[in-house]
Each structure stands twice: as structure tokens, then as C-alpha cells.
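Participant: After the C-alpha cells below, expect a handful of questions from me.
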Amino acid sequence: GEKEKAQLGECIHLICKEDFPAKWQNFLPDIVKRLHTKDPSTMYCILEVLANVVERYRYENKSETLWREIKFVNDTFIAPLLKTLQFLCGIIGESQNNKQQLTAIFKCLNQVCQIFFSLSSQDILAFVQDNMENFRKPFLGL
């Protein structure tokens, strides 16, 4: 249930805090693979875990180690995050009559925004700068 998902997410967050990325380099590629689901409820769980992992980028002091980690996460995840954003915004129209589906989609979009904010807190990377219109455009249709 929801309680177990929250506990699992917190466990992954705590492990990542100590081991990611140096001792758990396959974590992010595994997350990216699982993000290819078309089910917003499942997608939300995946995004929530990642949001918890990267949230600390907002407030940690700049350092070379932190910057390498952020760059690794951005290089691995920012393009799939953009695809996820585009997918979610693209299915809103067909979900208009399904309150549960729409709720799940907007919860996912909130997580996408939280992740984007965390990843951009220290600096905005070239991929984001080059694709700013692609990140902005899906929101215009909302």
C-alpha cells in the first residue's frame, strides 16, 4: 500500500544519501528504465523517489563533488525527464473524464517540476539551456 511505498522510498533515499553515485552507479539507469511505464501511478512512485534523492541539491553548498554528482544525474536523467514531461502533458486530453488518472498525472507533473528545480538549483546545464523551449512548451497547453 501507500505506507509501504513511502517507507521504501525513504529507504532508497537514505541509501542514496550515503552510496549514490559512487557506490550505486546503476541506480539512476535502473530508475530511467522503470520510468518508461505508461501508468502515471507507477510513474509517480519512481519520480517521488528521485525527487527525494535530488532535493538536497537545492541547499547543499557548492563543491566539486556535488557538481560531479549533479552533472552525472543531469547527463543520465534530464533527457528522460523531458520525455516524461512531454508524455504526461500529452495524455491529459485523453484523460479529461478520468479524475483518478488526471490526479495521478498532475501529481507526476508536480514531481517533474520538483526534480527540475532541484537539478537546476546550483546551475542550469547546457542541455536545459538548449532545450528550454521544449521544457516550457508542454505547460502552455495546460
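Participant: For the charge dipole of region 1-98, defined by +1 on Lys and Arg C-beta atoms and -1 on Asp and Glu C-beta atoms about the Cα centroid, which residue among Ile15, Met43, Phe87 has the Cα displaced farthest towards the positive pole?
Facilitator: The Cα lying farthest towards the positive end belongs to Phe87.
Participant: Less than 14 Å Cβ to Cβ from Leu66, Lys/Arg counted +1 and Asp/Glu -1: what total charge do the surrounding residues give? Each step should come with its number before you reach the end.
Facilitator: On the way: positive: Lys17, Arg56, Arg58, Lys62, Arg68, Lys71; negative: Glu55, Glu60, Glu64, Glu69, Asp123.
Neighbourhood net charge equals +1.
Participant: Taking the Cβ-Cβ separation of Lys71 and Asn134 as r and a Förster radius of 25 Å, what is the calculated FRET efficiency to the nearest 0.05?
Facilitator: With a Förster radius of 25 Å, E is 0.80.
Participant: Test of the criteria: in region 1-44, which trypsin sites (Lys or Arg not before Pro) are in a DSSP loop and have at most 11 other Cβ atoms within 10 angstrom of their Cβ?
Facilitator: Filter output for region 1-44: Lys23, Lys38.
Participant: How much length, in nm to one decimal, is gained on full extension between Ile15 and Leu125, taken as 0.36 nm per residue of separation minus their Cα-Cα distance? It would help to have the intermediate numbers written out before the result.
Facilitator: Details: separation 110, 0.36 × 110 = 39.60 nm, distance 2.62 nm.
Extra length from Ile15 to Leu125 when fully extended: 37.0 nm.
Participant: Pop out the carbon and sulfur fraction of the accessible area of the chain as a percent, whole number, probe 1.4 Å. Mind dumping the intermediate values first?
Facilitator: Numbers: 4420 of 8490 Å².
That share works out to 52 percent.
Participant: Which value, in debye to the nearest 20, gives the size of the charge dipole of region 2-90 about its Cα centre, when Lys and Arg are +1 and Asp and Glu are -1 at the Cβ? Walk me through the numbers on the way to the answer.
Facilitator: Working: 13 positive and 13 negative charges, 46 e Å.
About 220 debye.
Participant: On a full-extension model of 0.36 nm per residue, what is the gain between Gln100 and Lys3, subtracting their alpha-carbon distance, rounded to one decimal in nm?
Facilitator: Working: separation 97, 0.36 × 97 = 34.92 nm, distance 1.91 nm.
This chain segment gains 33.0 nm when fully extended.
Participant: For region 18-115, what relative contact order do you get, as a whole percent, if you take Cα pairs closer than 8 Å and at least 6 residues apart?
Facilitator: Working: 56 pairs, mean separation 40.4, N = 98.
Averaging sequence separation for qualifying contacts and normalising by length gives 41 percent for region 18-115.
Participant: Moving on to the next point. Among all the aspartates and glutamates, which ones have a C-alpha under 15 Å from Lys99's C-alpha, if same-chain residues fewer than 8 places away are not counted?
Facilitator: Reachable aspartates and glutamates: Asp39.
Participant: So, one more: I'd like to check one number: the per residue accessible area of the chain, probe 1.4 Å, reported in Å² as a whole number. Walk me through the numbers before you get to the answer.
Facilitator: Details: 8490 Å² over 142 residues.
Heavy-atom accessible area per residue stands at 60 Å².
The values are calculated or read from the model by the stated rules, or taken from the named source; none is laboratory data. The structure presented is a predicted model; accordingly, all values stated were derived computationally and were not measured. Here the Cβ is made from the backbone with ideal geometry for all residues, glycine too, and neighbour counts use every protein chain on show. Heavy atoms of the whole protein, side chains included, go into the accessibility calculation; ligands, DNA and RNA do not. Shrake-Rupley method; radii C 1.70, N 1.55, O 1.52, S 1.80 Å.
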